[in-house]
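Let me begin by presenting the structure, written as structure tokens, before commenting on it.
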Amino acid sequence: MSWIPFKIGQPKKQIVSKTVERDFEREYEKLQKLEDQTKKLHKDMKKSTEADLAMSKAAVKISADLLSNPLCEQDQAFLESMTALDTAMKRMDSFNQEKVNQIQKTVIDPLKKYSGVFPSLNMAVKRREQALQDYKRLQAKVEKYEEKEKTGPIMVKLHQAREELRPVKEDFEVKNKQLLDEMPKFYHSRIDYFQPSFEALIRAQVVYFTEMYKIFSELTDQIDQAGLTDEQRERETEAKLSELRALSIVADD
């Protein structure tokens with residue numbers, strides 16, 4: 001919620017010091033930024049986990065497609081390699097799902113719950129602002145009667161205005177003090193609240209990538225019997241492709 005004060009007639013008496021108003025606006029602005037950052041982080045974390053799941057599901061689909069390739073019916077070595085790949089991709093997907101579930105519980109859900117606090121905070125600020133406007137309005141009313149000639153009717157109205165002002169002033173002062181006391185506490189509590197979540201995020205990533213290292217190391221041992229380098233494999237593939245291009249059925253007309 002943007003900080004936009006109501007525009008009404010101002011009383012001559014300074015009822016809230018500029019220092020207090022600056023302190024209030026500074027603390028509230030910090031919380032507005034915290035709200036925006038929390039929502040953005042929640043959105044980005046959801047996108048990240050969705051992308052993770054999509055990646056592992058796609059890898060499983062690719063390995064399944066390779067396993068169903070007709071080559072597997074003709075080449076036992078290829079079948080064994082694709083079977084090993086398919087098993088590895090399914091294991092990766094399983095660990096990835098566990099990681100995402102953990103992140104959902106320890107990071108995404110807490111972020112959502114934390115964001116759910118801000119509407120109440122914003123409502124408290126609105127109530128404080130409305131109380132301030134009521135305070136200003138009634139203070140201006142008291143000042144108006146104080147400036148008039150002190151006749152009997154005017155003195156009665158002045159007394160009534162002061163009586164009307166007193167509970168409104170007290171209400172504002174209570175709301176103002178509460179927010180000035182609690183907004184900094186709420187802001188500083190963010191570290192204690194989020195630190196366990198981010199530690200859990202790091203642990204989940206460490207466990208996942210440790211398992212991935214094991215899975216792909218085992219997969220490499222299973223399918224990389226020749227021990228060729230990437231450059232050697234690239235040259236071998238180019239040589240095979242050249243042989244295919246030499247066939248008459250793919251020759252250029």
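Legend: distances between Cα atoms for K39/K90; K43/K126; K47/K90; K99/K126; K30/K105; pairs beyond 30 Å are K39/K90; K99/K126.
All alpha carbon pair distances within the chain were sorted into 5 Å bins beginning at 0; the resulting P(r) in whole percents reads 1, 5, 8, 10, 9, 8, 7, 6, 6, 5, 5, 5, 4, 4, 4, 3, 3, 2, 2, 1, 1, 1, 0, 0.
Under Stokes-Einstein, with the Kirkwood radius over Cα pairs standing in for Rh, what whole-number D in µm²/s applies to region 90-164 at 10 °C and 1.306 mPa s? The partial results should precede the final answer.
Numbers: Rh = 17.3 Å.
Value of D from the Cα-based Kirkwood radius: 92 µm²/s.
Straightening the chain between K47 and I249 buys 68.0 nm, computed as 0.36 nm per residue apart minus the Cα-Cα spacing. For region 64-131, a Kirkwood hydrodynamic radius built from all Cα pairs, placed in the Stokes-Einstein relation at 20 °C and 1.002 mPa s, yields a translational diffusion coefficient of 131 µm²/s. Run a plain Debye calculation on region 1-106 (Cα atoms as equal point scatterers, no solvent) and give log10 I(q)/I(0) at q = 0.11, 0.12, 0.21 Å⁻¹, rounded to two decimals, same order as the q list. For region 1-106, the Cα-only Debye profile gives -0.61, -0.65, -1.06.
Which is farthest toward the positive dipole end of region 34-116 among T106, A77, G116, measuring Cα position about the Cα centre, with Cβ charges +1 (Lys, Arg) and -1 (Asp, Glu)? Farthest along the dipole direction, towards plus: G116. Charged side chains reduced to their Cβ positions (Lys and Arg at +1, Asp and Glu at -1) give region 51-96 a dipole of some 200 debye around its Cα centre.
Can you run the Rg to Rh ratio on region 33-157? Use alpha carbon positions and the Kirkwood inverse-distance Rh.
On the way: Rg = 32.9 Å, Rh = 20.6 Å.
Here the Rg-to-Rh quotient is 1.60.
Note: relative contact order over the chain, using C-alpha pairs below 8 Å and six or more positions apart, is 29 percent. Across every direction, the projection of the convex hull enclosing the Cα atoms of region 113-247 has a mean area of 18.7 nm². Value of Rg to Rh for region 138-183, rounded to two decimals, is 1.21; Kirkwood radius and Rg both from alpha-carbon coordinates. Considering only L180, V250, Q139, the residue lying farthest towards the positive end of the dipole of region 135-253 is Q139, judged by Cα position with unit charges set on Cβ. The charge dipole of region 101-149, taken about its Cα centre with unit charges on the Cβ atoms of Lys, Arg (+1), Asp and Glu (-1) only, comes to about 340 debye.
Short-range pairs are left out: with C-alpha atoms under 8 Å and at least six residues apart, the relative contact order of region 1-90 is 21 percent.
Expressed as a fraction of 2.2 N^0.38 Å, the C-alpha radius of gyration for region 190-253 is 2.18. Overall, the chain carries a charge dipole of about 2980 debye about its Cα centre when +1 sits on the Cβ of Lys and Arg and -1 on the Cβ of Asp and Glu, all other atoms neutral. Surface exposure of the chain, expressed per residue as accessible area with a 1.4 Å probe, stands at 67 Å². Using 0.36 nm per residue and subtracting the Cα-Cα separation, the extra length available between A58 and V174 on full extension is 36.0 nm.
The values are calculated or read from the model by the stated rules, or taken from the named source; none is laboratory data. All of these numbers come straight from a predicted model, not from anything done at the bench. Counting neighbours? That spans all protein chains shown, and the Cβs are built from the backbone with ideal geometry, glycine included. Just the protein is used for accessible areas: all its heavy atoms, side chains included, with ligands, DNA and RNA removed. Shrake-Rupley method; radii C 1.70, N 1.55, O 1.52, S 1.80 Å.
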